[in-house]
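K.L.:
Sharing a structure, written as structure tokens. Questions coming.
The values are calculated or read from the model by the stated rules, or taken from the named source; none is laboratory data. All of these numbers come straight from a predicted model, not from anything done at the bench. Ideal geometry is used to build each Cβ from the backbone, glycine not excepted, and the neighbour counts take in all protein chains shown. Ligands, DNA and RNA are excluded from the accessible area calculation, which covers all protein heavy atoms including side chains. Shrake-Rupley method; radii C 1.70, N 1.55, O 1.52, S 1.80 Å.
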Amino acid sequence: MSFNPEKIKREHILKAVQEIDKGEIELRPSTKYDAIINGKSYPPKDLMRLAHQYANGEYEWHLSGGEPTNRYIKALGFDITEKNETHENLTNNIWKLGCNWGSGKPSFYNFINEKGIVIGVNDKMYSVGDLIVITEGHQVKAIARIFETPESVTVNSSLKKSFERYEIEYESWVNYAKADWYELDEDDKFIYELQQGICKVQNVEVRKRVIDLWNNRNSSCWIFQCNPDAFDLESAIRNNLLDTWTVSAHKDKIKVGDKIILWVTGKNSGCYALAEINKEPQIFNDSKDSKLWKVEDKNPVKAGIKITHNLMDNPLLWSKIKSTIGLENLKVGRQGTNFSATKEEYKTIQGLIKDVTEIKKIEDMQAKNIILYGPPGTGKTYHSIDKAVEIANGKSTLNHSENKIQFDEFRKQGRIEFVTFHQNYSYEDFMVGIRPNVNETQNLSFIKYYGTFYQLNQRARENYFASLEQEGKLISIEVLIDSLLERLRNGDVIELKTSTNISFSIEYLSEYTIQLIYSNGSKKNTLSVDTLREIVDNKRDYPSSLKSYYYPLKEYLLKDRVDTKVKKEELKKYVLVIDEINRANISKVFGELITLLEDDKRLGEENELKITLPNGEKEFGVPPNLFIIGTMNTADKSIALIDIALRRRFEFIGKYPDYTNLNHDESSLLQKINAAIFEKKKSADYLIGHAYFMKKQSIEIVLQNKVVPLLMEYFSGKTEIVISIFEETDWNVNYDSTLFKWTISKK
């Protein structure tokens with residue numbers, strides 16, 4: 001059959017795409033253009049070969065690449081993009097090729113007097129579309145991309161001399177291929193410590209970096225400027241509503257892949273985000289941010305953008321960065337809505353962001369007291385576990401399952417505690433108090449009770465002081481007393497003498513009480529374990545009536561302590577996680593800790609502070625190795641707010657909906673729900689978190705059992721408001737006032 005491209009219809013293209021997506025057809029990547037169909041990239045010529053087969057019965061395509069082929073695809077309603085204008089997902093191999101850079105160029109640079117020759121050997125056969133990372137030592141200095149099928153070369157004597165001249169290492173078999181070449185700018189060069197000369201790059205982070213550098217080699221940089229009196233940029237970014245930007249200039253120059261500096265003018269002018277162009281300027285009538293304009297947006301021409309760096313919590317204010325080298329000529333605040341920036345200016349700001357991010361990360365790690373706050377379902381409790389392990393371990397891991405195992409292990413070791421505050425939680429539960437005790441004789445008495453914070457504080461305190469010892473740490477008082485009680489509990493009777501040589505003995509009565517046995521066998525008095533602990537720790541004076549019995553017991557314990565030494569102890573970090581921290585009367589629960597929690601009031605710090613507790617214990621302080629992580633639900637306004645005194649002692653880290661781990665339908669639905677909530681509530685405190693959609697349940701069940709009931713609570717049971725929340729979504733949500741139930745279905 002003859003070559004007849006005119007018979008190819010749209011259905012033939014779509015059928016070809018379905019066949020290609022099965023992954024059974026080997027495609028040859030195009031060098032310059034891609035056909036974009038259903039969001040995926042396809043090489044135009046191979047696509048048309050297959051479409052021609054479905055239309056005419058022959059797998060063939062006689063036209064050259066570029067416009068002769070592209071015009072058929074565009075005529076059928078599909079998009080064509082240039083490769084250097086898109087961020088393609090590179091699925092081909094990436095190779096690392098070591099070389100001797102010589103006098104400014106790699107050893108093989110002039111091999112055939114043509115820029116872009118790449119050498120490979122034996123099984124290291126390159127394919128069209130492969131990227132080659134060119135290194136000298138461990139430094140990546142250039143990237144090349146194969147655009148012609150490699151040719152094999154037989155090494156003869158003349159070629160051998162040529163190789164030797166250019167110091168090319170070779171084996172008995174060589175292949176070379178032509179490649180597009182991109183030498184990295186000085187600040188783009190990076191270290192990749194892989195020893196082999198020629199090998200595949202497997203490291204995910206390195207691959208991503210190489211692909212980003214290649215894709216961005218021809219990108220332009222722009223400043224998109226915003227007047228806060230005209231547009232609410234903060235709400236747009238925080239609520240993931242910013243997907244376009246009004247373009248008033250350079251419409252014909254702005255292209256996909258270009259880098260954007262999002263700049264806010266006015267009193268707090270500065271860079272509040274970085275973004276990337278993902279759609280060229282065109283007329284948009286349905287952008288998500290349209291409701292955030294404070295004035296009429298008369299320009300329908302917009303470019304599609306995607307936020308890459310959200311700086312809302314740590315913007316780069318112009319007042320602080322204007323003297324930075326590389327930004328001397330940044331013409332912000334004096335031009336129109338969008339204007340050009342240099343690549344150097346963009347990279348300088350990108351570097352500042354990296355510095356700020358690293359500093360913030362360090363500050364987060366060193367912050368003694370933090371609160372994760374945000375609307376429900378945003379993973380506050382989930383992330384508190386990760387953060388607790390990160391602090392206790394001294395390092396971070398992205399694997400939550402591993403963190404949970406480590407979290408449970410630290411709890412067993414007594415280095416992490418987890419509590420949930422509620423309205424009846426008290427100072428006595430948290431710090432110290434008394435509780436009733438019924439002993440074996442059924443007599444009611446009261447004993448001291450030490451709360452969760454107090455116990456963790458004491459463990460951290462002992463570790464802190466032990467770590468300061470230069471020659472090793474003596475066994476802790478807690479361990480000494482526990483060991484004593486264990487011996488007594490096992491039936492041992494310990495015989496001692498007072499300073500006047502009067503014999504007495506002790507035996508176990510309870511975990512709080514030791515039975516005192518006089519020399520005549522009388523058991524009329526007991527000794528308190530808590531009193532003994534405080535006497536041994538020099539926290540209180542001896543009670544006058546029983547002083548002669550406590551003293552030899554203290555001496556007995558400390559004698560054991562002196563006899564047994566252990567290796568110098570390293571400083572460990574202890575973490576208390578308080579879930580729902582604002583559900584209790586936290587000023588009452590924390591009491592004097594409001595002062596002691598401050599960094600400079602911790603033990604060993606410049607303004608170290610110790611106090612006497614309400615139970616009479618003296619010299620109580622909080623060590624620097626004790627950390628507190630709280631979580632706070634911002635949607636629950638019926639509970640106590642954090643008072644200013646305590647708020648000043650905590651650093652607050654916001655947690656908001658994250659749509660990245662949801663599928664397309666869930667992500668789209670949740671974003672539209674949250675946009676509607678924000679419009680009605682004018683606050684991000686009432687958004688709905690992603691966690692509701694991550695329990696592997698159908699959207700109908702999640703809406704019926706989770707989302708709609710929560711919305712009814714948000715809007716005081718007003719069904720008409722809840723129904724309106726779903727107007728812009730793909731779901732019908734209605735209330736049946738006859739059956740008094742919600743009906744939910746896909747539109």
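K.L.:
Expressed in nm², what is the orientationally averaged projection area of the convex hull enclosing the Cα positions of segment 673-731? Could you put the intermediate results ahead of the total?
P.N.:
Values: hull surface 15.6 nm².
The orientation-averaged projected area of the Cα hull of segment 673-731 comes to 3.9 nm².
K.L.:
How high is the relative contact order of segment 630-739? Use alpha-carbon pairs under 8 Å, at least six apart in sequence, and give a whole percent. Provide the component values of the computation, followed by the final result.
P.N.:
Numbers: 63 pairs, mean separation 25.7, N = 110.
Relative contact order for segment 630-739 comes out at 23 percent.
K.L.:
Next question, about the same structure. How many nm is it between the label spots at D297 and S467, if each spot is 7 Å from the Cα in line with the beta carbon?
P.N.:
Placing both labels 7 Å along Cα→Cβ, they lie 5.1 nm apart.
K.L.:
First measure r as the distance between the Cβ atoms of E58 and D658, then evaluate 1/(1 + (r/R0)^6) with R0 = 56 Å and state the FRET efficiency to the nearest 0.05.
P.N.:
Details: r = 50 Å, r/R0 = 0.89.
The formula returns an efficiency of 0.65 here.
K.L.:
What is the sum of charges around N310, taking Lys and Arg as +1, Asp and Glu as -1, for the other residues whose C-beta is under 12 Å from the C-beta of N310? Numbers along the way, then the final one.
P.N.:
Details: positive: R238, K306; negative: E234, D313, D658.
Net charge around N310: -1.
K.L.:
Let me ask something else. Cβ neighbours within 10 Å, averaged per peptide: list 490-500, 342-352, 68-78 in order, most packed at the top. Mind dumping the intermediate values first?
P.N.:
Working: 490-500: 11.3, 342-352: 17.9, 68-78: 16.3.
Per-residue Cβ counts within 10 Å, averaged per peptide and sorted highest first, yield 342-352, 68-78, 490-500.
K.L.:
Peptides 298-306, 414-422: what's the order by average Cβ count within 10 Å, highest mean first? Write down the numbers at each step before the final one.
P.N.:
Numbers: 298-306: 15.4, 414-422: 18.2.
Order by mean packing, descending: 414-422, 298-306.
K.L.:
While we're on this one: When ligands, DNA and RNA are left out and all protein chains stay put, how many square angstrom of accessible area per residue does segment 386-436 have with a 1.4 Å probe? Can you show the working numbers first?
P.N.:
Values: 2850 Å² over 51 residues.
Result: 56 Å² per residue.
K.L.:
I would also like to ask the following. Considering only C-alpha atoms, what is the centroid distance from segment 730-747 to segment 211-281, in Å?
P.N.:
So the separation of the two Cα centres works out to 40 Å.
K.L.:
With a cut-off of 8 Å between alpha carbons and a minimum separation of six or more residues, what is the relative contact order of segment 225-307 in percent?
P.N.:
On the way: 148 pairs, mean separation 33.5, N = 83.
The normalised contact order for segment 225-307 reaches 40 percent.
K.L.:
Applying a 10 Å radius around every beta-carbon, put 704-715, 731-742 in order of their mean neighbour count, most first. Don't skip to the answer; put the middle values down first.
P.N.:
On the way: 704-715: 17.8, 731-742: 12.1.
Highest to lowest by the protection proxy: 704-715, 731-742.
K.L.:
Using a simple spin-label model with points 7 Å from Cα along the Cα→Cβ vector, what separation in nm is obtained for D599 and N732?
P.N.:
If labels sit at D599 and N732, their model points lie 5.8 nm apart.
K.L.:
Of the heavy-atom accessible surface of segment 490-551 (probe 1.4 angstrom), what whole percent is carbon and sulfur? Spell out each step's value before the answer.
P.N.:
Details: 1440 of 3470 Å².
Looking at segment 490-551 in its full context, I get 41 percent from C and S.
K.L.:
Carbon and sulfur atoms: what percent of the 1.4 Å accessible area of segment 187-311 do they account for? Don't skip to the end; give the middle numbers.
P.N.:
Working: 2800 of 6120 Å².
Of the solvent-accessible surface of segment 187-311, carbon and sulfur hold 46 percent.
K.L.:
Further, regarding this structure: Give the carbon-plus-sulfur fraction of the accessible surface of segment 613-747 in %, rounded to a whole number; probe 1.4 Å, heavy atoms of protein chains only.
P.N.:
Values: 3290 of 6720 Å².
Roughly 49 percent, rounded to a whole number.
K.L.:
Under 5 Å between amide H atoms, partner at least 5 residues away or on a different chain: which partners does Y449 have, H built in plane at 1.01 Å?
P.N.:
G433, I434, R435
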